[in-house]
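Bear in mind that the values in this text are calculations on the coordinates, not laboratory data. Keep in mind it's a predicted model, so treat the numbers as computed, not measured. Here the Cβ positions follow ideal geometry from the backbone for every residue, glycine too, while neighbour counts run over all protein chains shown.
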């Protein structure tokens, strides 16, 4: 038997990434290709299903070219992908709709309707608060586009669409694995099944739902047509795969109770690993999805644009630093980190609200960004530091709820992944604010690694999914808690949590005023008309 390899492919929001790994978890080659997002109307965000397949073919070909391996030596492939959006296909796996992205908010009135009428039963059954995800989106298609809805044979997610193209599936073979079910809005989270009660409440037909499978189930093999498109060998088995967050958690070794993961990316996500389902009815904040190992759960919440706030600051208020870094071949974030490190903990009494596009959990679409408490002595570094601290304060809010849901659980460490993990200052700051040690992993590509591990398990190469994930996660530098600073930060974290109650009526009035301006079309008046 020759040397074998595993491939993981991530169908992301802004692009597709493919990676080839050996059986010891070493990344041999990877490639990335951007996807195209369409904005046909305000609040609408769509993608072409064919674009997911196109970017997959391009990235897989590049990986094979870089690695120079024999494609026939790939033992198995697994996909992961963006989770909260859907697309409709017909009986022949042809797209009936564009992909209705998780960024698309056209279904907002259906989210509000569910929250007003079925909030508690929704959380108890599905495992998460109502939000812009599959259930409200399916309701939108049913009520707003009934002719299109009638043509849809199955609703599926992007990674499943690509698997279907790779394996030549028909709609009757459509599937979804259990890591996506909480986003469906019509699932029974405890029993890994579609909920007749939720389907009946929303008047959604069961026949449009795909079959539910385990992530490691082999759902097909690479066809001759797909082999020609991608450069793969025909006949390679393809696993069902998982959602992108579940794959990242597996790649980070989050398979033990009490371990946590901080995804310090465009969205800022704090997850923990537990062994039982406890829906957050009281706070309506924590999402409760299953992990890839189906005896584990990954309760979490996130800031829709946490890391994006740092990029926004860089591109809006730090253009000189950005240009300087580009000239020197460095990162502007490193320069901003140095300025932030020179400031004092608490940013001199400055609080930032990082929800520039609305708060996701607990949901409040009226919330926007804010700085509170700045004075003449605040400089650029203090403002930047306040953004970093605010994301940790938001994490504190999530953590406190998780401690209430699981009072017996010891939270051991937080494994940090994503671009923000490169900041030693931020990692140490978060450890101090949360009071839990942080660990930076000695590898970057945990998402496609998680999918590769899943592929190896599906192919029978790996016998124990959890042990392999633990062995390949590669924990690196550890950031211990400074308990004096932890005590110092606690009043700031508590005040941060109180701010939203105080600002809620102001945010609501601001949104109404902004709508009045739009109604009067004042935004189109050019500045020069006043000169």
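In the distance distribution for the range 101-142, Cα-Cα pairs more than 15 Å apart total 34 percent. The modelled label-to-label distance for the pair residue 48/residue 66, using points 7 Å beyond Cα in the direction of Cβ, is 2.5 nm.
If every alpha-carbon in the range 319-475 counts as one equal scatterer, what log10 I(q)/I(0) does Debye give at q = 0.10, 0.13 1/Å? Ignoring solvent entirely, the Cα scatterers give -0.51, -0.82.
In whole percent, what relative contact order does the range 5-240 give with Cα contacts below 8 Å and a gap of six or more residues? All intermediate terms of the calculation are to be shown ahead of the outcome.
On the way: 504 pairs, mean separation 47.7, N = 236.
Here the relative contact order equals 20 percent.
Could you line up 90, 200, 229 from fewest to most neighbouring Cβ atoms inside 10 Å? By the 10 Å Cβ count, ascending, the order reads 200, 90, 229.
Can you figure out the FRET efficiency of residue 214 with residue 256, using R₀ = 25 Å and their beta-carbon distance, to the nearest 0.05? Walk me through the numbers on the way to the answer.
On the way: r = 20 Å, r/R0 = 0.82.
It comes out at approximately 0.75.
Our analysis of the chain gives Rg over Rh at 0.96, with the two radii drawn from alpha carbon positions and Rh computed by the Kirkwood formula.
Arranged by the count of other C-beta atoms within 10 angstrom, fewest first, what order do 64, 513 take?
Ranking 64, 513 by Cβ neighbours within 10 Å, fewest first, gives 513, 64.
Can you work out D for the range 1-132 in µm² s⁻¹ from Stokes-Einstein, where Rh is the Kirkwood radius over C-alpha pairs, the temperature is 4 °C and the viscosity is 1.567 mPa s?
D = 75 µm²/s.
Normalised by 2.2 N^0.38 Å, where N is the number of residues, the C-alpha radius of gyration of the range 5-240 stands at 1.03. The value of relative contact order for the range 260-531, using C-alpha pairs under 8 Å at least six residues apart, is 18 percent.
Explain nothing, just the number: relative contact order of the chain, from Cα pairs under 8 Å at least 6 residues apart, as a whole percent.
15
As a proxy for reagent exposure, ranking 163, 63 by other Cβ atoms within 10 Å from fewest up yields 63, 163. Taking each DSSP H run with n ≥ 4 as -39500 (n - 2.57) and averaging over every residue of the chain yields -13000 deg cm²/dmol at 222 nm.
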